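Peer 1: Provided herewith is a single structure, encoded as C-alpha cells, for subsequent inquiry.
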Amino acid sequence: MPWISEDRRHTRVAEGQPLLTESLKAVLRDKYFPRYPSKRAVLLPALHLLQHEYNWLPTQAVQEIAEFLEIAPAEALDTASFYEEYWLKPKGKYLLQVCRSLTCELCQSEQLRDHLSQKLNVDPGETTADKRFTLVELECLGACGTAPVVMVNEVLHENVTTDRLDQIIAALPEDPHDMKDPGMTWDNDGH
Amino acid sequence: MAFTEPVLTKRIPLDASQRKLIGYDDYVATGGYKSLKQALEMPPADIIKTVTDSGLRGRGGAGFSAGQKWSFIPKEKKGPHYLCVNADESEPGTFKDRYLIDHDPHLLLEGIAIACLATQCDIAYIFIRGEYHYSAKVLEHALKEAYAHGIFGGDGVLGSGKKVECYVHRGAGAYICGEETGLLEALEGKRGWPRNKPPFPAIAGAFARPTVINNVETLMCVPHILERGPAWFKTMGTPSSPGPKLFGMSGHVNNPGVYEDELGITLDYAINKLAGGMKGGAYKASVCGGISMGILGTNQLDIKLDFDDVRFRGGCLGLGTAGMIVMNEHTDMVKALRNCVRFYAHESCGQCTPCREGSNWMRKILDRILDGDGKAADLQMLMELEKTMGIMPGTTICGLADGTAWATRTFINKFYDEFALRCPEAPTKTIPLKVSSGRLNVLTPMGSNTR
C-alpha cells in the first residue's frame, strides 16, 4: 500500500558510477522532453526506463532522475513510492504476478498462488534465495475473459493451470531480456 | 432496436484463432480513416453537434454525454488544449479496452484525431495502465504507422495544417489513475491523487490547460457516428442509451470473453446467448459493470443492461463499464465481497480518511467473518461504514469509496441471509441502524432471494 511509510534509516545512497548514464539521458532528452510542457511530466517514463535497465530503482537512480528533471529528490521519491510497479527494493530476475481479483479468484487463482508458493518455497512478496524469482499477488490484470492469469515480467499468460505454470517457468530463458512476447509480430519500437 | 452487425468489432473475427492485429493497410482497406477526412471538412462545432445528436454516452463508467463533454472546452483558444485517452482499465471485470486496442488500434487513433479536431486539442496522451505491456507496444507500433502516413505530426492531420501530436503515456500500477483527475496528476509526474473539483478538467486539466478525457471505447464510436450519422447510431440501444456496447463476460460462464451487442439487452441474454450459459451450476449473481457498480441478484436476470435500468430497477450504481462477473450457485458471497473490499483497501490512494481507513476496516471485518468469528455488530458496522463513505455522502474527493460502498451495499442487501448466517445473533430481517450523524436509518434488506 503506497501510503505506508517505509523504514529508510538504512537506505544507502551509493557513490561511484552514475546510473542515469549519458545514453539514458539522451533518450529522455530527445524522446520524452518534447512530448510534455513540463520536465516533471517525464518522471513516470524516466522511472520506467531506469527500472527496465536495472530491474529495480535504487535510491541513487531516483535521485539522479530528480536532478535531471530539476525537481526535489523528495518529489521524485514521493511519486515513485506511490506506484506499485516501481520497485524501490531489489526483486528477482523474474517477477511472477498472480492476479487475485474477483474473476480470477472465482477461477481458482488461489491454487496457482499456492502452487507457486510451494514450488519456489516463498510466500507472496518474497524472493527466492537464488534471486531468480519474486512471487507477488496483485489486483486485476484486465484479462478476466481468460482467467486465471499470471504475468511473468511483461508477458501475460492466460487460462493458466498449474501444469501450464510449470511449463512456463521451465521455458524461461537465463536472461530476462531475452524474453519475447509471443504476440509481437513486429520489431519492438521501445516503450 | 436493432443490432444487425458488429460496429466496433467489425474488423475483429469472433473466432479467436482468426484474430490478428489490424495494421494501417488493412485498416484503410476496410474503410479506415474515411471519417477523419470527412471531419477535416467540418467546422469543429459541427463535429461536436453530430456526436451530441447521436446521444453517445461515455463508455468509461459514468455514462456522461460525450458531445456535451466536448462542448465544455472553451471555443476561444488561448493556449494549448489536451486530450487524454483513458486506457487505464483496472476495474475488476473490465477488459474491453484491451481487446479493442490489441486488435484494432487504428480505430482508436482515428477517434483521437477526430476528437482533437473537434475540441482543438494539440496533443493527445493515451494514458495506458502499466500492466498492459503488450497493448502499449501495439499502440507504439500503430502510432509509428500513423505518423508515417501523416495522421499525426508533420504538416497537420493529412496535410491540413491542423497539427495534432499523439503519445503513449504509461501508468505504473495504480487503479486510482483511472479517475480522471488522478490520471492528470499521474500524467504530470505526481502521485495519482484525485483533485478537488472545480476547476473541472475542461477548464483547467492537464498542465492547467483545458483538457478532454475520454474512454477508449467512447472514442472508437466516434468515427462510426461521423460516417453513418447520428440517426443510424440511435437505431441501436434504448432511447436514453443509444449505440453498440462491448460486454465483458467473465466468471462462471461457458464462453467468457468480450461480446458486442446493443445497449439494453437483458442480463439473461448476455449470459445465455452471448456467453454460452452458466458453468458449474445455476445462476446466482452477477457484477453488473465492474465491481464498483455492485451486483445484480438471483431474481434480476430480466434487468436491461443500459445506463438507466441497471440503476433504477437493478439497484446498482450504474452500468459502469459493462464488465459482468457472473457467479454460480456455489459461490460464497462473503468471500466474494471480501475480495472486492480487499481490492479497494489495497487501491485506496490514501487521501481521504473515510476511504483509506474505512475500506481497510471493512476488509478486517470481512476477514473475521470468513474466519468464523463474525458477530451481529460486524454486519451492522459494515452497513454503517458503507453508508458514510464516498462522494454521495460527501466525505471523499473521488468516487473510489462509492465503489466500495455500492459493492458492499448490494452484496449485503441482496444476499443478507448468507451474511446473517455467518454472524450469529444478527437480526434476520430489518436492522434499525443508528448512523453517527444521529439520524436513524432503517435498512431493509432487499429480501431473501438467495434460495
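Peer 1: Rounded to the nearest 10 degrees, what's the angle between the helix B:400-414 long axis and the longest principal axis of chain B, both from Cα atoms, 0 to 90?
Peer 2: 50
Peer 1: What's the angle, to the nearest 10 degrees (0 to 90), between helix B:216-234's Cα axis and the longest principal axis of chain B?
Peer 2: It is inclined by approximately 70 degrees.
Peer 1: Looking at the protein assembly as shown, send over the antiparallel percent of its DSSP beta bridges, to the nearest 5. Provide the component values of the computation, followed by the final result.
Peer 2: Values: 28 of 55 bridges.
Here the antiparallel bridges make up roughly 50 percent for the protein assembly as shown.
Peer 1: A further question follows. Using a 1.4 Å probe on the protein heavy atoms only, what accessible surface does A:Ser109 show? Give it in Å² to the nearest 10.
Peer 2: Its heavy atoms expose roughly 10 Å² to the probe.
Peer 1: Could you tell me the convex hull volume per residue, in Å³, taken over the Cα atoms of chain A? Each step should come with its number before you reach the end.
Peer 2: On the way: hull volume 29.8 nm³, N = 191.
Normalising the Cα hull of chain A by residue number yields 156 Å³.
Peer 1: What value, in deg cm²/dmol to 500, does the helix sum -39500 (n - 2.57) over DSSP H runs of n ≥ 4 give at 222 nm once divided by the residues of chain B? Kindly include the intermediate steps, with their values, before the conclusion.
Peer 2: On the way: 16 runs with 172 residues, N = 451.
The helix-only estimate for chain B comes to -11500 deg cm²/dmol at 222 nm.
Peer 1: Looking at the P(r) of the protein assembly as shown, how many percent of alpha-carbon pairs lie beyond 33 Å? Kindly include the intermediate steps, with their values, before the conclusion.
Peer 2: Working: 93542 of 205761 pairs.
Of the Cα pairs, 45 percent sit more than 33 Å apart.
Peer 1: Would you check the range A:61-191 for Lys pairs whose C-alpha atoms are within less than 19 Å, ignoring same-chain pairs closer than 8 in sequence, and give me the count? Can you show the working numbers first?
Peer 2: Numbers: A:Lys89/A:Lys131; A:Lys91/A:Lys119; A:Lys91/A:Lys131; A:Lys93/A:Lys119; A:Lys93/A:Lys131; A:Lys93/A:Lys180; A:Lys119/A:Lys131.
Lysine pairs satisfying the spacing and distance rule in the range A:61-191 number 7.
Peer 1: Can I ask one more? Could you sort the peptides B:244-252, B:366-374 by per-residue average Cβ neighbour count (10 Å cutoff), highest mean leading? Please list the in-between numbers first.
Peer 2: Details: B:244-252: 26.8, B:366-374: 15.8.
Ranking the peptides B:244-252, B:366-374 by packing returns B:244-252, B:366-374.
Peer 1: Can I ask one more? With a 1.4 Å probe and every protein chain left in place, work out the accessible area per residue of the protein assembly as shown in Å², rounded to a whole number. Working shown, then result.
Peer 2: Details: 24980 Å² over 642 residues.
Dividing the accessible area of the protein assembly as shown by its residue count gives 39 Å².
Peer 1: Regarding the range B:152-224, what are the three Cα extents along the principal axes, ordered largest first, in Å?
Peer 2: 39, 24, 22
Peer 1: Now for a separate question. Between chains B and A, what is the buried accessible area in Å², counting both sides, with a 1.4 Å probe and ligands, DNA and RNA left out, to the nearest 100? Mind dumping the intermediate values first?
Peer 2: Values: alone 17960 and 11990 Å², together 24980 Å².
Buried surface at the B/A interface: approximately 5000 Å².
Peer 1: Put a dot 7 Å past each Cα toward the Cβ at B:Thr235 and A:Thr161; how far apart are the dots in nm?
Peer 2: If labels sit at A:Thr161 and B:Thr235, their model points lie 4.6 nm apart.
Peer 1: To make sure I understand the rule: partners must be lysines, Cα under 28 Å from the Cα of B:Lys77, and not fewer than 8 residues away in the same chain. Which ones qualify?
Peer 2: Here the lysines satisfying the reach criterion relative to B:Lys77 are A:Lys31, A:Lys39, B:Lys34, B:Lys37, B:Lys49, B:Lys69, B:Lys162, B:Lys163, B:Lys190, B:Lys197.
Peer 1: Mind pulling the angle between the C-alpha long axis of helix B:44-54 and the longest principal axis of chain B? Nearest 10 degrees, somewhere in 0 to 90.
Peer 2: That works out to roughly 40 degrees.
Peer 1: How high is the relative contact order of the range A:82-135, in percent, counting Cα pairs under 8 Å that sit 6 or more residues apart? Walk me through the numbers before you get to the answer.
Peer 2: Working: 52 pairs, mean separation 24.0, N = 54.
After rounding, I find 44 percent.
Peer 1: Carbon and sulfur together cover what percent of the accessible area of the protein assembly as shown at a 1.4 Å probe radius? Intermediate values should be presented prior to the final figure.
Peer 2: Details: 13020 of 24980 Å².
The value for the protein assembly as shown is 52 percent carbon and sulfur by accessible area.
Peer 1: Sticking with this one: A drop of at least 20 square angstrom in accessible area, chain alone versus all protein chains together, probe 1.4 Å. Which residues of the range A:39-61 meet that?
Peer 2: Flagged in the range A:39-61: A:Arg40, A:Ala41, A:Leu44, A:His48.
Peer 1: Quick one: net charge of A:Val122's neighbours, Cβ under 13 Å, K/R +1, D/E -1? Walk me through the intermediate numbers first.
Peer 2: Values: positive: A:Lys91, A:Arg113, A:Lys119, A:Lys131, A:Arg132; negative: A:Asp114, A:Asp123, A:Glu126, A:Asp130, A:Glu137.
Summing Lys/Arg as +1 and Asp/Glu as -1 gives 0.
Peer 1: Quick one: length gained pulling A:Asp178 to A:Glu110 fully straight, 0.36 nm per residue minus the C-alpha distance? Walk me through the numbers on the way to the answer.
Peer 2: On the way: separation 68, 0.36 × 68 = 24.48 nm, distance 2.92 nm.
In short, 21.6 nm is gained.
Peer 1: Another question, then. Let me check the size of the range B:16-233 from its C-alpha atoms; what are the radius of gyration and Dmax in Å?
Peer 2: Gyration radius and largest Cα-Cα distance of the range B:16-233: 16.0, 50 Å.
Peer 1: Enter the mean number of other protein chain beta carbons within 10 Å of the beta carbon of each residue in B:334-347, as an integer. Mind showing how you got there, number by number?
Peer 2: On the way: counts 0, 3, 3, 1, 1, 8, 3, 0, 5, 5, 1, 1, 8, 5.
Other-chain Cβ atoms within 10 Å of each residue's Cβ, averaged: 3.
Peer 1: Please compute the average number of Cβ atoms from other chains found within 10 Å of each residue's Cβ in peptide A:82-89.
Peer 2: Working: counts 13, 9, 8, 8, 3, 0, 0, 0.
Per residue, the number of nearby Cβ atoms from other chains is 5 on average.
Peer 1: Considering only the other residues whose Cβ falls under 13 Å of the Cβ of A:Arg113, what net charge follows from Lys and Arg at +1 and Asp and Glu at -1?
Peer 2: On the way: positive: A:Arg100, A:Lys119; negative: A:Glu105, A:Glu110, A:Asp114, A:Asp123, A:Glu126, A:Glu137.
Here the charged neighbours net out to -4.
Peer 1: Bin width 10 Å, origin at 0, all Cα-Cα pairs of the range B:142-190: what percent of pairs per bin?
Peer 2: Using 10 Å bins, I get a P(r) of 26, 31, 29, 14 for the range B:142-190.
Peer 1: What percent of all Cα-Cα pairs in chain B falls into each 20 Å bin, going from 0 up to the bin containing the maximum distance?
Peer 2: Reading upward from the zero bin: 25, 55, 18, 1.
Peer 1: Here is a follow-up. On average, how many beta carbons from a partner chain sit within 10 Å of the beta carbon of a residue in B:42-49? Working shown, then result.
Peer 2: On the way: counts 0, 0, 0, 0, 0, 0, 0, 0.
Across B:42-49, the average partner-chain Cβ count within 10 Å equals 0.
Peer 1: While we're on this one: Extent of the range A:77-158 along each principal axis, from alpha carbon coordinates, in Å, largest to smallest?
Peer 2: 35, 30, 19
Peer 1: OK, next. Going by a 4.7 Å Cβ-Cβ cut-off, which cysteines of chain A have no partner at all?
Peer 2: That list is A:Cys107, A:Cys140, A:Cys144.
Peer 1: Arrange the peptides B:272-285, A:55-68 so that the one whose residues have, on average, the most other Cβ atoms within 10 Å appears first.
Peer 2: On the way: B:272-285: 17.0, A:55-68: 20.4.
Highest to lowest by the protection proxy: A:55-68, B:272-285.
The values are calculated or read from the model by the stated rules, or taken from the named source; none is laboratory data. Nothing here was measured: the structure is a model prediction, and the numbers come from that model. All Cβ positions, even for glycine, are placed from backbone atoms using ideal geometry, and neighbour counts span all protein chains on display. Only protein heavy atoms, including side chains, enter the accessible area calculation; ligands, DNA and RNA are left aside. Shrake-Rupley method; radii C 1.70, N 1.55, O 1.52, S 1.80 Å.
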